[in-house]
Structure formats: structure tokens, C-alpha cells
Amino acid sequence: MSAEETFESVDAGASETIPMEAGQIKKGGYICIKGRPCKVVSVSTSKTGKHGHSKAHFVAIDIFTGKKMEDIVPSTHGTTVPNVFKEEYSLLDISDEDYLSLMDANGEVREDIRMPTYPDELVKQIRDGFEAGDTLSLWIFKAMGEENVMSCKKHLD
């Protein structure tokens with residue numbers, strides 16, 4: 001290494017996506033379809049035909065919007081899988097603009113996450129629990145530059 005080398009960015013080395021052979025992705029796993037992070041709900045494979053490889057047909061749900069997505073990929077070809085990170089926060093408050101005041105396990109507070117819009121049951125669970133004065137834990141999923149509340153758990157005191 002020469003003394004002139006510089007590094008333009010510093011991070012933990014975690015990529016937003018990782019390459020994976022399509023045949024290795026299973027139901028319940030994650031896959032990127034049309035640039036969106038999705039959870040696989042079904043995988044079916046076709047037999048090898050006269051002109052090529054067996055194909056994997058993926059049906060998946062976008063983890064942030066709930067939209068159904070489909071893709072067909074030769075099972076020996078590469079595709080991408082999103083790195084999905086999950087972190088638990090305690091709900092402190094909900095602002096008038098629907099921003100959540102959240103505290104992590106280290107006591108750090110963040111107020112940059114909005115109330116989710118999907119699914120309706122989750123939104124109702126958060127609002128009803130907060131209005132009832134319950135102690136709620138919210139799970140934030142982060143993938144491909146997006147993050148959103150994906151689940152809520154009420155603590156029994």
C-alpha cells in the first residue's frame with residue numbers, strides 16, 4: 001500500500017444486498033424483485049427443458065408496502081437478496097404529524113420514523129395500545145435504505 005491511498009467512505013462493511021444463486025432461496029427467505037426487498041411466500045421450480053436451465057418462480061410480498069411481486073429466474077443463475085436488519089425500540093410518544101418517538105436499548109431516542117401505513121392491523125394495534133397507556137415495543141426493519149415499523153408487542157407489566 002502506498003502512503004497516498006485514501007478511503008472515500010467508512011462503514012461497517014455491510015452491503016444492502018448480497019448475491020445468491022436463485023435455487024438457494026427458500027420460502028420464508030428474502031429476495032429483491034424489481035429493486036424492492038421482498039419476503040418469499042412461495043417458490044416453485046420447473047424442470048430443465050430442451051433449451052436451458054430449470055427455472056425458479058418466486059412469489060413474494062414487498063416487506064414495506066405489502067405489494068405482491070413475482071419473478072422467474074433460472075435456478076442456477078444469480079439474483080440478489082436484501083440484507084434485512086431488525087431492531088427493537090420502546091414507543092415513547094406519537095406526534096401530531098404521526099412521527100414516533102422511540103428509545104433503543106441503550107437509551108438513545110430517535111424521532112425520524114413515521115407511523116406505518118401498512119398493514120392496517122399494525123397501525124390500529126399501535127394507536128390503541130398507546131392510547132390505553134400500554135408499554136409497547138416496536139420492531140423496525142431496515143433494508144435497502146428504507147426503514148419502517150413492522151411489528152408491535154405489548155409488554156405485560
Looking at the range 147-157, which of the residues that are under 20 Å from the mean Cα position of the chain (by Cα) and not aliphatic (A, V, I, L, M) is surrounded by the most Cβ atoms within 10 Å (Cβ to Cβ)? Cys152
Looking at (1) touching a Lys or Arg at 6+ places or on another chain (Cβ under 9 Å); (2) of a type outside the set (A, V, I, L, M); (3) part of a strand (DSSP E or B); (4) buried (at least 16 other Cβ atoms within 10 Å of the Cβ), can you tell me which one Glu87 breaks? (4)
Can you name the number of the only condition in (1) open to solvent by less than 80 Å² (accessible area, probe 1.4 Å); (2) at pLDDT 95 or above; (3) not small (Gly, Ala, Ser) that Tyr99 fails? (1)
Run down Thr80, Thr65, Thr48 and say which single residue is farther than 24 Å from Gly145 by Cα and either part of a loop (DSSP other than H, G, I, E, B) or open to solvent by 20 Å² or more (accessible area, probe 1.4 Å) (or both). Thr48
For a quick check of your reading of the model, give me the residue pairs whose first member lies in the range 94-115 and is under 15 Å from Met150 (Cα atoms), whose second is outside any strand (DSSP E or B), with beta-carbon atoms closer than 7 Å and at least 6 apart or on different chains. Leu100/Met115; Arg114/Asp98; Met115/Asp98; Met115/Val123; Met115/Ile126
What pairs come up if the first residue lies in the range 19-34 and is farther than 19 Å from Ala143 by Cα, the second is open to solvent by 40 Å² or more (accessible area, probe 1.4 Å) and outside any strand (DSSP E or B), and their beta carbons are under 8 Å apart, counting only those six or more places apart or on different chains? Glu21/Thr76; Glu21/His77; Ala22/Thr76; Ala22/His77; Gly23/Thr76
Give the residues of the range 102-146 that are surrounded by 16 or more Cβ atoms within 10 Å (Cβ to Cβ) and part of a strand (DSSP E or B), sorted by residue number. Leu102, Ile113, Leu136, Leu138, Ile140, Phe141, Lys142, Ala143
Could you say which residue among Pro74, Pro19 is in contact with a Gly (Cβ under 6 Å, 6 or more places away or on another chain) and farther than 15 Å from Asn148 by Cβ? Pro19
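The values are calculated or read from the model by the stated rules, or taken from the named source; none is laboratory data. Owing to the predicted nature of the structure, the values given are computational and were not obtained by experimental measurement. We place every Cβ from the backbone using ideal geometry, glycine too, and count neighbours over all the protein chains shown. Surface accessibility is based on the protein's heavy atoms, side chains included, excluding ligands, DNA and RNA. Shrake-Rupley method; radii C 1.70, N 1.55, O 1.52, S 1.80 Å.
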